[in-house]
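Please see the structure below; I have some questions.
The values are calculated or read from the model by the stated rules, or taken from the named source; none is laboratory data. Please read all numbers here as calculations on a predicted model, not as lab measurements. Here the Cβ is made from the backbone with ideal geometry for all residues, glycine too, and neighbour counts use every protein chain on show.
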Amino acid sequence: MNDRIRLTITDGIANLRLNRADKMNALDPEMFTAIAETGARLKEDAAVRVVVISGEGRAFCAGLDIERIVATTEGRSILPFADLTKRTHGFANFAQHIIWLWRELPVPVIAAVHGVAFGGGFQLALGADLRYVAPGTKFSIVEAKWGLVPDMAGTQLMRHLAREDVVRELTYTARVFSAEEALAYGFATRLEANPLAAAIATAREIAGRSPDAIRAIKRLLNDAVTSDVAAGLATETEEQRKLLGSPNQIEAVRANLEKRAPRFLDSVS
C-alpha cells in the first residue's frame, strides 16, 4: 500500500482516509492501486467488523485525475486504462473493481462524504453500504462532460438507489447537484454536519453486533442486487472502450481544458 491511503484499525473499525488532499483526492494510478490493496487487506482481516471511508482535506474525491484523462486520449497505456476489457477481478475490470470490492467486502462499509464527489469519486461513494453526507457537498456524474460514460460500476449501483429518470437526467447532463438533492434522489443515506463523526458512531454500533450476523445480513442484501451485474459491467466496459480516444471524446477533453464550446462530429452509432 502506498501513501495515497491512511488506514487505522481500532476496536474492529477500519478508518480509511483517501490521502491526496492537494489534489482533492483525485484518482490517479497510485490511488487506484492503494484502494485495491487496502480492500484486499481488509477482506482477509477477520478482526475488521466495519469500514469507514473518507477523504483528507477539502473533498471526499474529485474523481479521475484530469492529467490521466489527457494521457489516455493521447494513447498512453496507463493503469487503470491499459486494457479495459480484461476481467482482472471476477466479472470486473480493474477500474470497476476498486468500487465493487466494497460491495464484496464481507462487512459493512460507510462513506463519509464532504466537499465534492465527482465522477469516480461519486461512484466510490456508491460502492459503500451507507453514505453520510455533509451539507454543501457537491456531486456530479461528470463523465459525459469528458465524452465518456460512468464505467466504474456506476450504472449498476445507481439503478438500485434512484429512479431511472433521475439517473438518466443526471448522467446525460453531467450537472452538479447538491447534498439535499442527493438525499432526495436516494444517493445519500442522511445529511450530517460532521459525516465522519456520524459514520464512526454508526460503525461503533455495528461493531457491537454479532459479526456473524452482520456478515450474513450483508450476504443476503448483496444477493438482491447482483443478479445482472456481470453483464452490466461488461456493457459499461464495451461502451467506454469505444469512446476512449475517439474524435469526439478527444474534442470533449480539449474543449474543457481550453474553456471553449466543443465542436463535435455527428455521431454515426
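Do the conditions hold for residue 9, that is, is it within 17 Å of residue 199 (Cβ to Cβ) and surrounded by fewer than 17 Cβ atoms within 10 Å (Cβ to Cβ)?
Details: within 17 Å of residue 199 (Cβ to Cβ): yes; surrounded by fewer than 17 Cβ atoms within 10 Å (Cβ to Cβ): yes.
Judged against the criteria, residue 9 is a match.
Can you pull out the residues in segment 162-182 that are under 17 Å from the mean Cα position of the chain (by Cα) and over 18 Å from residue 63 (Cβ atoms)?
162 - this is the single residue of segment 162-182 that is under 17 Å from the mean Cα position of the chain (by Cα) and over 18 Å from residue 63 (Cβ atoms).
Criterion first (touching an Asp or Glu at 6+ places or on another chain (Cβ under 9 Å), more than 30 Å from residue 238 (Cβ to Cβ) and modelled with pLDDT of 90 or more) does residue 41 satisfy it?
On the way: touching an Asp or Glu at 6+ places or on another chain (Cβ under 9 Å): no; more than 30 Å from residue 238 (Cβ to Cβ): yes; modelled with pLDDT of 90 or more: yes.
Answer is no for this residue.
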